[in-house]
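The structure appears below as structure tokens.
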Amino acid sequence: MTATSAPARGRVRSAGRAAPPGRRRRRLPFSPWHLVLLPATVVLLFPFWWLLITSLETPAEALHFPPVLVPHTLRFANYPDALASAPFGRFFLNSAVVATVTVLCNLVLCSLAGYAFARFRFLGRTALFAVIMATLMVPFQVTMIPQFIIVKWLGVHVLAGVGINHLGALILPNAATAFGIFFLRQFFRTLPVEYEESARVDGASRLTVLIRIVLPLAAPALATLAALTFLDSWNNFLWPLIAITSTNQMTLPLGLATFQGAHQTEWTLMMAGNVMSLVPMLVIFFLAQRYFVRSVAATGLAGT
Amino acid sequence: MTRRRLVSSEQFTGWAFVSPGVAVILLFGAVPILWSAVMSFQRNNLLSPDTPFVGLANYRQMAHDPVVAQAIQHTLVYTALFVPGTMAVGLFLAVAMNRQIRFINFYRTAAYATVAISTISEAIVFIWLFDPSYGVVNYFLGLIGIPPQQFLNSPSQALYVIVVMTIWGWTGFAVVIYLAALQGVPQALTEAAAIDGAGPWQAFRRITLPLLSPATLFLAVWLTINALQLFDEVYLSTQGGPLNATTVLVYYLYNQAFQQFNFGYASAIAYFLFLVIIVVTVIQFRVGRRLTYYRS
């Protein structure tokens, strides 16, 4: 491709791009990028495939070497067997409760605080906001030991439901996040203040303005915060590992890890359990793929 | 309503609105930060109920603890491999996927799907894939004439297996970030470069890559912060072994805090980790600022 033929190509766009004038190049019947993307996708999907295959094999097939790449019969009994040896339904329910309540708490508390930081002038606002921003930078490992002591104390002296070994212990410390407050404050500040002012003139209270006018306008930001909070809560492992010891209160990652510890070599059972913990998340992911992708991308946009 | 009443009502409503959220963050964020700072100067373990101040003893102990030195080394090696690895894979796939060809939605969804898998599920699958006796990876290696490897059981290989599994787990995230950034690169610019005689590689190097630099800086910082806090995969696959070969800082910290119950010593390690994260992030931003191109 020479520089002289390039301007003509640029003008006629795609038609000219296909065949440089005078000379016909031999072309693949498909985009050459498939040659890269297809193998890459096979590699990316192979762990999922292998997980599924193993979960449907007999123990003898799973421990066969060379591995059985396509099982002869599908052994669905692995799933009831896994359910019989660990309460995956309970783990799932716990995870769902913790994630849902955490998301709702965050939406309410971060909206309120974010709105006040965005729009109100009150004594100590700047100092308070600075403190919140400072906590944003500190890794969880720095706070986890005192958090453990505080949660333990709260459970003994205030309310058992938020103490060690209760689901509340997984919700309360994450009921509001510095990231959520900061994220919503930034979004609220981009909204035109005129609607809010005219509603105020018409006699609406601050809370009414927030609920009726601001939050509907902030729906995309709220959806993003909800998706990110849900993912964080659903995948959290270290804090449940510290705060929860009894099987009944375990969330999916912790339950799965404990199950793995107890069934080290029973690969078919372990993979069945793993599939059961993965599938709900994958289904949610496929249904809400747009939101997921946009939310993850939003973390990048917030960072730049 | 007068202006004055509006303003004074803001005092009250302001505090009313922020208090619940701020209370949570103060109680579980700000207070613990100060508390663990204090604890790092105390002897706090199960041996005695008192927690006397011991000055810098915990930090001094850390300086002489051979496991801490190993943990730092493993954490840095892991980070140095994982961060560029994930970014390279993410950038390559995102560039390949940034076009309207057949099955593109399938390719993209397949890459995104790794966002939905938890670290625990990921670790369990990879432990099985890399199983020394029955793992399918050894089978594939056998097909190309490589003898079976010990992988997670081998002190010289375990950390690299963890690098591979975490790169896989973060691929979707990196692809999403780079694809979003690529969508912001105006096609007019790359087309103009083509008209001016730039080859595809030159256009990519001179135009696309600089326009992606904010996303690159973000990914570098974000992945590094996460890499320095590696824990889940290590806890599940190797428990820091074999022979401490995969003991990273957070794993050792967890071990000290919640298996040995040395809260004081663990707090000192936590603050050291915090320091490492701050230093690395500041360096990245310093270097990044010079190399990053912002259009606005």
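Over the Cα atoms of chain B, Rg to Rh with Kirkwood Rh, two decimal places?
Looking at chain B, the ratio lands at 1.07.
Please work out the FRET efficiency for the pair B:Ser213 and A:Ala262, using the Cβ-Cβ distance as r and a Förster radius of 51 Å; give the result to the nearest 0.05.
It comes out at approximately 0.60.
How big is the gap, in Å, between the Cα center of region A:98-124 and the Cα center of region B:166-183?
29
All other residues with a Cβ under 13 Å from the Cβ of B:Trp128 taken together, and with Lys, Arg as +1 and Asp, Glu as -1, what is their net charge?
-4
Between region A:128-184 and region A:216-270, how far is it from one alpha carbon centroid to the other, in angstrom?
Between the Cα centre of region A:128-184 and that of region A:216-270, the gap is 17 Å.
Work from the charge dipole of the protein assembly as shown (Cβ charges, +1 for Lys and Arg, -1 for Asp and Glu, about the Cα centre) and give the residue of A:Thr247, B:Val18, A:Leu154 farthest towards its positive end.
Highest projection toward the positive end goes to B:Val18.
Would you please give the residues with an amide H less than 5 Å from that of B:Gln42, counting only those at least 5 places away or on a separate chain, with H modeled from the backbone geometry?
Hits under the 5 Å cutoff: B:Val54.
Report the Cα centroid-to-centroid distance between region B:84-158 and region B:241-296 in angstrom, as an integer.
25
Can you bin the protein assembly as shown into rounded, prolate or oblate? Criterion: square roots of the alpha carbon gyration tensor eigenvalues sorted a ≥ b ≥ c, rounded for a/c under 1.5, prolate for a/b above b/c, oblate for the rest.
Because a/c hits 1.5 or more and a/b fails to exceed b/c, the protein assembly as shown counts as oblate.
Grab the Cα-Cα distance for B:Gln187 and B:Gln260, subtract it from 0.36 nm times how many residues apart they are, and report the gain in nm with one decimal.
20.5 nm
From the alpha carbon gyration tensor of chain A, can you work out the equivalent ellipsoid semi-axes (sqrt of 5 times each eigenvalue) and give them in Å, largest to smallest?
42, 39, 16
Give the order of B:Arg102, A:Arg212, A:Arg200 when sorted by the count of other beta carbons within 10 angstrom, beginning with the fewest.
Arranged by neighbour count, lowest to highest, B:Arg102, A:Arg212, A:Arg200 become B:Arg102, A:Arg212, A:Arg200.
Give me the base-10 log of I(q)/I(0) for region B:1-88 at each q in 0.10, 0.14 Å⁻¹, Debye formula, one uniform scatterer per Cα, rounded to two decimals.
Values returned for q = 0.10, 0.14 Å⁻¹ are -0.61, -0.82.
Given B:Tyr59, B:Val279, B:Ser154, which one lies farthest toward the positive end of the charge dipole of the protein assembly as shown, if we put +1 on the Cβ of every Lys and Arg and -1 on the Cβ of every Asp and Glu?
B:Val279
Could you please rank A:His64, A:His34, placing first whichever residue has the fewest other Cβ atoms within 10 Å of its Cβ?
Least crowded to most crowded, the residues run A:His64, A:His34.
Kindly state, to the nearest 0.05, the FRET efficiency for A:Val43 paired with A:His64, given R0 = 25 Å and r defined as their beta-carbon distance.
Between A:Val43 and A:His64 the formula returns 0.60.
Could you point to the residue in A:Val43, A:Ala99, A:Thr229 farthest towards the positive end of chain A's charge dipole, with +1 and -1 charges on the Cβ of Lys/Arg and Asp/Glu respectively?
Toward the positive end, the furthest listed residue is A:Val43.
Between B:Ile146 and A:Ala204, what's the calculated FRET efficiency when r is the beta-carbon distance and R0 is 60 Å? Round to 0.05.
With R0 = 60 Å, the Cβ-Cβ based efficiency is 0.25.
Computed from the coordinates by the stated procedures, all read-outs in this text should not be read as laboratory data. On a predicted model such as this, the values are computed, not experimentally measured, just so you know. Cβ: placed from backbone, ideal geometry, glycine included. Neighbour counts: every protein chain shown.
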